[in-house]
Amino acid sequence: CSDIIASMKEKVEPLEGALKASQDYMNGSDQERDELDKSYNLQDALQKQLTQLEEQMVPAGYLTPVPEEYNDLPQLRGRATVEMVLKKPDGESFDIEGSLSKEAKMTMIIDGYTAPVTGGNFVDLVQKGFYNNMDIQRSDGFVVQTGDPKGEAEGYVGTPSKSVGAGKYGERLIPLEIFVQGDKGPFYESTIEDEGRGGQATVLPFSSYGAMGWAREEYEPNSGSSQFFWLLFDSDLTPAGKNVLDGRYPCFGYVVEGADFLRDIKEGDIIVSAKVTEGAENLVQPKQ
């Protein structure tokens, strides 16, 4: 751990310097672009090292406790890395502060320590190819959302959990899963307000740009199936612990590379591919 912390400390000062330098140059200039690129690369490196640090702090063999009634749903016992590639349907480029790219590639860490059922459901769907060639269905400046398949079903149609049941059109539903700091494991099927614990902090809050949340109907805690969103975090509009998401929707992962692409991902853009690149062995399939 000490080596990772030391390496992270070495990157903080150059990151601050690059951000300050970008402000000193003319808006849109090549010099500003260079300094912003440096800051983005350093930020990505710091996020990766933070993930490594967190993993080293987890005791060997640790498993987040999950009630037995959810054993007929996929569960992620650890972490997994997912890579997604998106393109625009008209062949245009993604434009991020003047930097053009024909494809948007994002790398995400899915946290099964914090959200084993939610994370397991997502990784299972990725492995099934469910999100391949799926459109982005919402991009409103607050979130970027997808996961609603074509047809009348509003989620993934598959074998439902006996405890949660199926949706109107046979969707496999999962329970709302919230993990509050200080607890030994998540609680299920209710919000933090329902539990009378409003204002308490969650283990993995919506506190970063590209934090991933599981979508559901507002008044139905167990209505999530396959739709998820990336939060376009703004410290003023969505402060951690004081927003409408923490404790009401599970945060199950975050983008560690390519989060800036979310700035130009629009409705109708296409997920060309989604694949698990690390941690697939941590996915535990349902016991029927």
Only one of (1) open to solvent by 40 Å² or more (accessible area, probe 1.4 Å); (2) in a strand (DSSP E or B); (3) under 16 Å from V144 (Cα atoms) fails for K275. Which number is that? (3)
(1) open to solvent by 50 Å² or more (accessible area, probe 1.4 Å); (2) under 16 Å from Q75 (Cβ atoms) all hold for K184 apart from (2)
Across the stretch 87-104, which residue is modelled with the highest pLDDT among those that are in a strand (DSSP E or B) and of a type in the set (S, T, Y)? S101
Residue list for the stretch 105-148, filter: open to solvent by 10 Å² or more (accessible area, probe 1.4 Å), out of contact with any Gly (no Cβ under 8 Å at 6 or more places or on another chain) and in a strand (DSSP E or B): R138, S139, Q145
Considering only residues that are in contact with a helix residue (DSSP H, G or I) (Cβ under 9 Å, 6 or more places away or on another chain) and part of a loop (DSSP other than H, G, I, E, B), look in the stretch 163-175 and name the one that is surrounded by the fewest Cβ atoms within 10 Å (Cβ to Cβ). S163
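The values are calculated or read from the model by the stated rules, or taken from the named source; none is laboratory data. Remember, it's a predicted structure, so these values are computed and weren't measured experimentally. Here the Cβ is made from the backbone with ideal geometry for all residues, glycine too, and neighbour counts use every protein chain on show. The area values use the complete protein model at the heavy-atom level, side chains included, leaving out ligands, DNA and RNA. Shrake-Rupley method; radii C 1.70, N 1.55, O 1.52, S 1.80 Å.
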